[in-house]
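Undergrad: Dropping a structure here in C-alpha cells format, bear with me for questions.
Throughout, read-outs are computed from the coordinates displayed, never taken from laboratory work. Computed from a predicted model, the values in this text were never measured in an experiment. Backbone-built Cβ (ideal geometry, glycine too); neighbour counts: all protein chains shown.
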Amino acid sequence: MRNIIMVALALALVPLMAMAQAGSLTGKWKTIDDETNAPRSIVEITEVNGELQGRILQIFYRPDEKPDPVCEACEGERKDKPVIGMTFLWGLKPDGANEWASGSVLDPKNGKIYNAKATLTEAGQKLRLRGFIGTPILGRTQIWLREP
C-alpha cells in the first residue's frame, strides 16, 4: 500500500514540477545553430544575485572544428580562455511574464558582446534568445530547447 501511495504522490508532483519550470530560464538548454538548425551546445542558466547567467557545458563539434576551443577573439579576462565552462550570458533580469531583458551575450566565435533578451515559449520548453546591437530589430534570434 505504501508503494502505491509513493507512486501516486510522485505522479502528482510531475505536472507541478513542469509548471514551476515553465516560468523559469534556469536549467540546462540545448542551443540550436540558427544557420544550420543543428544542435550546437549544452548550456546551463543559473540565477546569481537576482540576475541570470549562462555558461557553456558542452559543445557539439563539426568535423572542421578543433576540439576544446579558446576564445581567441575575446578581450579582457576571457581572452584565450576555454569556451567550455565560460560564462557567455549574464545580467538578464525579469521583464514581464516569461521575458527577461537588460542582459549581455558573448559570441565566442568573434569575441563580440551583444545586448540580450530572452523569452520562454511552448510552456517553458523553448527559449528564444535575441542578441542585438542598440535595438532588438538589429540582431538575431536563436531557439534553445530545454534539456531534461
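Undergrad: Taking θ = phi - 60°, what integer Hz values does the Karplus form 6.51 cos²θ - 1.76 cosθ + 1.60 yield along segment 97-102, in sequence order, with x for Gly and Pro?
TA: Calculated HN-Hα couplings, in order: 5, 6, 9, 9, 8, 6 Hz.
Undergrad: Check cross-link reach from Lys112 to the lysines: straight Cα distance under 18 Å, and skip same-chain residues fewer than eight apart.
TA: Filter leaves Lys79, Lys81.
Undergrad: Another question, if that's okay. Using a basic spin-label model with each label point 7 Å from the Cα along Cα→Cβ, how many nm lie between Ser24 and Leu138?
TA: Modelled inter-label distance: 3.7 nm.
Undergrad: Oh, and also: Taking θ as phi - 60°, what are the ³J(HN,Hα) couplings along segment 75-85 by the Karplus curve (6.51, -1.76, 1.60), each to the nearest whole Hz, with x for Gly and Pro?
TA: Karplus-based 3J(HN,Hα) across segment 75-85 equals 10, x, 5, 8, 4, 6, 8, x, 6, 5, x Hz.
Undergrad: Taking every pair of Cα atoms in segment 24-146, average 1/r, invert it to obtain the Kirkwood radius, and report Rg/Rh to two decimals. If you can, show how the numbers build up before the last one.
TA: Details: Rg = 13.8 Å, Rh = 14.6 Å.
Reported Rg/Rh (Cα atoms, Kirkwood Rh): 0.94.
Undergrad: Report the longest stretch of the chain that contains none of the trypsin sites (Lys or Arg not before Pro) sitting in a DSSP loop with at most 15 other Cβ atoms within 10 Å.
TA: Values: sites that count: Lys79, Lys109.
After excluding every exposed loop site, the longest remaining stretch is 1-78.
Undergrad: Then there is this: Where does the chain land at 222 nm, in deg cm²/dmol rounded to the nearest 500, when only DSSP H runs of n ≥ 4 count, each adding -39500 (n - 2.57), divided by all residues?
TA: Computed mean residue ellipticity for the chain: -5000 deg cm²/dmol.
Undergrad: Under the definition of Cα pairs under 8 Å and six or more residues apart, what whole-number percent is the relative contact order of segment 24-146?
TA: Relative contact order comes out at 21 percent.
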